[in-house]
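Coordinate-derived values only; no laboratory data. What you see is a predicted model, and the numbers here were worked out from it, not measured in a lab. Cβ atoms come from the backbone with ideal geometry, glycine included; neighbour counts cover every protein chain shown.
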Amino acid sequence: MKSLFTKRLSLLPLLALAGMLGAGAAAAQTADLLISEYVEGSANNKAVEIYNGTADAVALGTYTLDRYANGATVPYSIALPAINLAPGATHVITHNQADAVLLSRADQVNANLNFNGNDALVLARAGIAVDSVGRVGEDPGTAWTCAGGSTLNHTMRRVSSVCGGDTDPSNAYDPCLGWVFFAVDTFSGVGSHVTDCGAVADEATSWGAIKATYR
């Protein structure tokens, strides 16, 4: 029979292995695509950035960007291209007459991306909302506002801790929840996004799994 001391010694390589495996943690992902940046700038400087924070490539052509103007309940839908959006990648849509700097960051241009601060935008998959800006069916006047800014004459960037979209575009909308505001015609962040969704347990490399293997 092995002594307790001998058993403890034999556990040392397993403890080292557990350390190399990162203590059993793995990065978490977003639940679906997100609207990660919103540009409501001067003249035709309009843009929407869509971010894939999931673990898989996503068929972008199954989504639409829907614009609900001035409190409308029926949208104008912008089709997204039939491409696979890689994990961690963004897809930027701009107005076709936007500033040259903004156009240089575009993956898609569309003259119908002519929203204003009082128009709701919904990112939908097969007609089901996965994220939204504003409130469908409500005309707030010129914009939805909060202490930090508004949906008019601002660039809005999703904070990195947001890992799921606003999937109920009919509920009350507060643009301060989950967004950071930048001055009008700020384009420097368009085209890239990161999320910090914490970590999830990886059972395959947990200490409990290592102990079970040792037994």
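Quick rundown of the values:
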| item | result |
| --- | --- |
| Difference of contour (0.36 nm per residue) and Cα-Cα distance, residue 83 to residue 111 | 8.0 nm |
| Charge context of residue 152, other residues only, Cβ under 14 angstrom, K/R +1, D/E -1 | -3 |
| Overall form of segment 76-138 per C-alpha gyration tensor (a/c, 1.5; a/b vs b/c) | oblate |
| Spacing of the two label points (7 Å from each Cα toward its C-beta) at residue 194 and residue 145, in nm | 3.5 nm |
| Förster radius 41 Å - calculated FRET efficiency between residue 69 and residue 100 (Cβ-Cβ, nearest 0.05) | 0.95 |
| Global form of segment 34-182, assessed from the alpha-carbon gyration tensor, a/c cut-off 1.5 | rounded |
| Cβ-Cβ FRET estimate between residue 44 and residue 180, R0 fixed at 25 Å, reported to 0.05 | 0.60 |
| Contact order relative to length of segment 34-182, as percent, for alpha carbon pairs under 8 angstrom and 6 or more apart | 26 percent |
| Gain upon complete extension [residue 55, residue 167; 0.36 nm per residue less C-alpha separation] | 38.3 nm |
